[in-house]
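To start, the structure under review is shown below, and the notes come after it.
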Amino acid sequence: MDLRFTPPLHTPRLELRAVAESDFEDHRRLFSSAEVVRFLYEGEMDDEGMRAHFERRTWRGLPSEGEWCNLVVTHEDTFVGEVGVGLVSAPHRHCEIGYVFSPAHRGLGFATEATRAMVDLAVETLGAHRVTGRLDARNDSSRRLLERLGFRREAHLVQNEFVKGEWTDELVYAVLAEEWRARTRV
């Protein structure tokens with residue numbers, strides 16, 4: 001895999017850039033929202049936990065196997081969310097994408113636009129053969145986003161994770177590089 005890339009990325013309406021210290025309060029607001037973290041592994045965090053969570057997202061270059069790189073998404077210099085790409089397996093050229101967006105910016109297509117850019121990054125820049133998205137099965141918005149982008153549902157794992165005091169189902173979606181390229185050429 002080609003691990004050369006330096007942010008920012010630009011889409012028609014968005015900038016996806018490295019996380020900066022000046023993003024901490026926006027990050028805190030995003031990950032302090034019960035609506036936002038409902039389907040994430042993280043629950044409420046104290047100040048120390050929030051700082052550690054934020055520090056893990058600062059730019060250290062592209063991820064090594066098992067790691068993630070995260071980017072802040074802005075629209076006209078306004079923080080709207082975060083996206084990330086993780087390197088699941090270098091030998092198998094497998095990446096995973098993730099995204100978290102502010103409810104205040106829901107319905108504007110920002111999540112779709114930014115996530116599309118991350119899949120492009122994974123396929124065209126990193127050379128991924130396969131890109132996956134994993135989500136809590138109750139998260140209909142996330143499911144629809146991946147389906148809108150052309151991902152196919154490959155698995156429904158029943159009560160496979162114990163998250164925030166309850167057993168949860170997980171959905172796994174994927175797209176292959178050749179499928180992605182064929183879809184984006186249409």
### Task
Sort through 74, 78 and tell me the only one that's under 25 Å from residue 29 (Cα atoms), modelled with pLDDT of 95 or more, out of contact with any strand residue (DSSP E or B) (no Cβ under 8 Å at 6 or more places or on another chain) and among the β-branched types (Val, Ile, Thr).
78
### Task
Kindly establish whether residue 122 is farther than 25 Å from residue 29 by Cα, hydrophobic (A, V, I, L, M, F, W, C) and either out of contact with any helix residue (DSSP H, G or I) (no Cβ under 9 Å at 6 or more places or on another chain) or surrounded by 14 or more Cβ atoms within 10 Å (Cβ to Cβ) (or both).
yes
### Task
Name every residue in the range 138-158 that is closer than 23 Å to residue 42 by Cβ and either crowded, with 19+ Cβ neighbours inside 10 Å or aromatic (Phe, Trp, Tyr) (or both), in order of residue number.
142, 145, 146
### Query
Within the group 114, 90, 137, which residue is modelled with pLDDT of 95 or more, of a type outside the set (Val, Ile, Thr) and within 21 Å of residue 5 (Cα to Cα)?
114
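Residue 66: within 16 Å of the chain's Cα centre (by Cα) and assigned to a strand (DSSP E or B), yes or no?
Considered against the rule, which asks whether it is within 16 Å of the chain's Cα centre (by Cα) and assigned to a strand (DSSP E or B), residue 66 comes out as no.
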### Query
If we scan the range 78-96, do we find a residue that is touching a residue at least 24 places away in the same chain (Cβ under 8 Å), closer than 25 Å to residue 11 by Cα, assigned to a helix (DSSP H, G or I) and not β-branched (Val, Ile, Thr)?
no
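Inspect the range 109-125 for any residue being of a type in the set (Ser, Thr, Tyr) and part of a loop (DSSP other than H, G, I, E, B) and give the result as yes or no.
Of the residues in the range 109-125, the ones of a type in the set (Ser, Thr, Tyr) are 112, 115, 125.
Add one more test, that the residue is part of a loop (DSSP other than H, G, I, E, B), and what stays is none.
Checked the range 109-125: no residue is of a type in the set (Ser, Thr, Tyr) and part of a loop (DSSP other than H, G, I, E, B).
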### Query
Of the numbered conditions (1) free of Cβ contacts under 8 Å to residues at least 24 places away in the same chain; (2) in contact with a Leu (Cβ under 8 Å, 6 or more places away or on another chain), residue 39 satisfies every one except a single condition; which is it?
(1)
### Message
Residues to consider are 104, 174, 155; find the one that is in a strand (DSSP E or B), over 16 Å from the mean Cα position of the chain (by Cα) and among the hydrophobic types (A, V, I, L, M, F, W, C).
### Response
155
## Note on the structure
Over the range 15-32, the set of residues over 26 Å from residue 5 (Cα atoms) and either small (Gly, Ala, Ser) or touching a Cys at 6+ places or on another chain (Cβ under 7 Å) (or both) is 32
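The values are calculated or read from the model by the stated rules, or taken from the named source; none is laboratory data. All figures in this text were calculated on a predicted structure; none of them were measured in a lab. Every residue, glycine among them, receives a Cβ derived from its backbone with ideal geometry; neighbour counts consider all protein chains shown.
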